[in-house]
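K.L.:
Below is the structure I would like to discuss, written out as structure tokens.
Values in this text are rule-based calculations from the coordinates and carry no lab data. Note that the structure is a prediction, hence the values are computed from the model and not measured. All Cβ positions, glycine included, derive from the backbone under ideal geometry; neighbour counts span all protein chains shown.
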Amino acid sequence: MTELARESSTPSARRIVIVGYGMAGSRLAEEIRRRDRSGERAQVTVIGTERHAAYNRVLLSAVVAGSMTPESVRLHDVDWAADHGIDLRLGTTVTAIDRDARRVTLDDGSTVDYDALVLATGSKAWVPPTEGLQLEDGSLAPGVATFRDLDDCAAILEHARPGAPVAVLGGGLLGLEAARGLAGRGSLVTVVHPVGHLMERQLDPAGGGVLAKTLGELGIEFRLGRFAARYVPGDGLKLDDGSHVPADLVVVSAGVRADTALAESIGLAVDRGIVVDDSLRTSDHRVHAIGDCVVHPGTVSGLVQPAWEQAEVLADLLTGENPAARYKGTPVVTRLKAKGVDLAALGDVHAEVDGDAEVLCLQDPVRGRYAKLVIRDDRVAGAIVLGAPDAAATITQLYDAKTPAPTDRLGLLLGRALPSGGSVAHSPADLPAASVVCRCNTVTKGQLVKAWRAGAGTVPELAAVTRATTGCGTCTDAVCGIVDWLSRA
């Protein structure tokens, strides 16, 4: 334990042990200290299997693309834990948990006692059972890499070469971000995806088709509706139809699975993830869980926003700041972070016209644009917006605020209608104060204005106070626009 942690702890402080130092676990530790700066209420130990400081996994595609360095995506500097009185143990694995004694045993032989235990073990990359991808001991074959953490990025960049063929297994969100990053480095990328269109969880077939055309114009080829049957190192992939995809490197991004091994080993209820209630308690009420490792009926795993909202609720509960806090789920907006592509998908994207829903579609594949809008009870229930950032911003505002959609539905699809029915806002001055600017951290325009008036006059200063721009980064332009507007006003 750090000296500061020893000094700040008191005998009455609750002993909180967080297993996992990823985006969920690190955010929970931050939120606890935001509510308990002196450490009088909570003595915090964080256990991380990786040797890196916590980093933003959302930005790993930028590391692959070369637009960001591994250092620039880190969430904490080396002194963060000591400065905040947190006992941080990196490169350490939990080997056993005694729920009766409330004791965690680590692989270095040490033990940590707890009053409250939080599992933030995240998820692991899933490797399909394709012949040759893995060796007999379960390790990846030469020339194969997953795309999940910083070490994966290093392995990918070690093998990727300009002009050399690369195959990406998986046409979901992460697979496409990896493919775009590698194509930007000059690799000859082919995406192999078992479904007939890209991002089938977030897009309908028409939207997936326009996205494939847009990415194809950026140099990426696709084999859709095809499975990889065999991998031969140094040669590539043989597909289920007998065709061949040359590849010096295969990047596996075929999905993730919640890491529930530790929870299962101590008898907690698991159903595709660790089962939690609205208080984020597991079947043992002294053990909580957050992030990608959990299953909660109100959210989708694999995205950062639910994990960070869960961290806020659990910090309220563990510090006693708000005993009534409950997690009710997160309405998710998915954004593809790929250079040259602007895509947002939210809510019920697969709805068709029925008695309860209006469904409008606009297709302009030549210009890489596609929009689908689902309206129920005069509210936005779902949308896909590709290549129309103004429309995406307005529709997302309506979805977040659950306010009535304008009667000019076509104008909304084109980005030319506001909730009031007027013309689209060209200035932050027209944006309502309650509008969410940074979805990852639920930061509104009003909060940014308040922070600016309190002295945070630059984007980095606003980020430090509100955390805006520190998630996926897609709100950076909007925050810059608000800073410019405030400076002029």
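K.L.:
Would you grab the residues whose amide H sits under 5 Å from the one on residue 147? Only those 5+ places off in sequence or on another chain, please, with H modelled 1.01 Å from N.
P.N.:
Long-range HN contacts for residue 147: 252.
K.L.:
I've got another one for you. Return the Rg/Rh ratio of the range 21-75 with Cα-based radii and a Kirkwood Rh.
P.N.:
Using Cα coordinates only, the ratio equals 1.09.
K.L.:
Next question, about the same structure. Taking only the C-alpha atoms, wrap a convex hull around the range 144-254 and report its volume per residue in Å³ as a whole number.
P.N.:
87
K.L.:
At q = 0.11, 0.14, 0.19, 0.21 Å⁻¹, work out log10 I(q)/I(0) for the range 210-364 with the Debye formula, treating every Cα as an identical point scatterer and leaving solvent out; two decimals please.
P.N.:
Log-scaled intensity ratios, in q order: -0.72, -0.97, -1.15, -1.24.
K.L.:
Return the Rg/Rh value of the range 432-489, two decimal places, where both radii are evaluated on C-alpha atoms and Rh is the Kirkwood radius. Can you show the working numbers first?
P.N.:
Details: Rg = 9.8 Å, Rh = 10.8 Å.
Result: Rg/Rh = 0.91.
K.L.:
When the Kirkwood radius is taken over all Cα pairs of the chain, what Stokes-Einstein diffusion coefficient follows at 10 °C and 1.306 mPa s, in µm²/s?
P.N.:
66
K.L.:
Would you kindly work out the equivalent ellipsoid of the range 340-424 from its C-alpha gyration tensor and give its semi-axes, the square roots of five times the eigenvalues, largest first in whole Å?
P.N.:
After diagonalising the Cα gyration tensor, the semi-axes are 18, 15, 11 Å.
K.L.:
Size of the range 27-169 along its principal axes in angstrom, Cα-based, largest extent first?
P.N.:
Principal axes ranked by extent give 57, 36, 21 Å for the Cα atoms.
K.L.:
Would you list which lysines come within 22 Å of residue 337, measuring only between C-alpha atoms, while excluding same-chain residues fewer than 8 positions from it?
P.N.:
Reachable lysines: 124, 213, 372.
K.L.:
Give me the orientation-averaged projected area of the Cα convex hull of the range 283-334, in nm², one decimal.
P.N.:
Values: hull surface 15.0 nm².
Averaged projected area of the range 283-334's Cα convex hull equals 3.7 nm².
K.L.:
Can you pull the three principal axis extents for the Cα set of the range 75-150, in Å, largest first?
P.N.:
Projected onto its principal axes, the Cα set of the range 75-150 covers 46, 34, 20 Å.
K.L.:
Straight-line reach from residue 450: which lysines have a Cα under 25 Å away, not including same-chain ones fewer than 8 places off?
P.N.:
Straight-line reach from residue 450, under 25 Å: 402.
K.L.:
Can you spot the aspartates and glutamates whose alpha carbon is less than 15 Å from residue 238's alpha carbon? Ignore those fewer than 8 places along the same chain.
P.N.:
Filter leaves 131, 248.
K.L.:
Considering Cα pairs under 8 angstrom that are at least six residues apart, work out the relative contact order of the range 279-353 and quote it in whole percent.
P.N.:
Worked out over the range 279-353, it gives 24 percent.
K.L.:
Per-residue ellipticity at 222 nm for the chain, helices alone: DSSP H runs ≥ 4 residues times -39500 (n - 2.57), over residue total, nearest 500 deg cm²/dmol? Spell out each step's value before the answer.
P.N.:
Working: 14 runs with 132 residues, N = 489.
When only DSSP H runs of four or more count, the value is -8000 deg cm²/dmol.
K.L.:
A follow-up question, please. Explain nothing, just the number: dipole magnitude of the chain about its Cα centre with +1 on each Lys and Arg Cβ and -1 on each Asp and Glu Cβ, in debye rounded to the nearest 20.
P.N.:
860
K.L.:
How would 227, 222 line up from fewest to most surrounding beta-carbon atoms within 10 angstrom?
P.N.:
Details: 227 15, 222 22.
With the sparsest Cβ surroundings first, the list reads 227, 222.
K.L.:
Still on this model: What is the packing order of peptides 32-41, 250-259, taking the mean over residues of other C-beta atoms within 10 Å and listing the highest first?
P.N.:
250-259, 32-41
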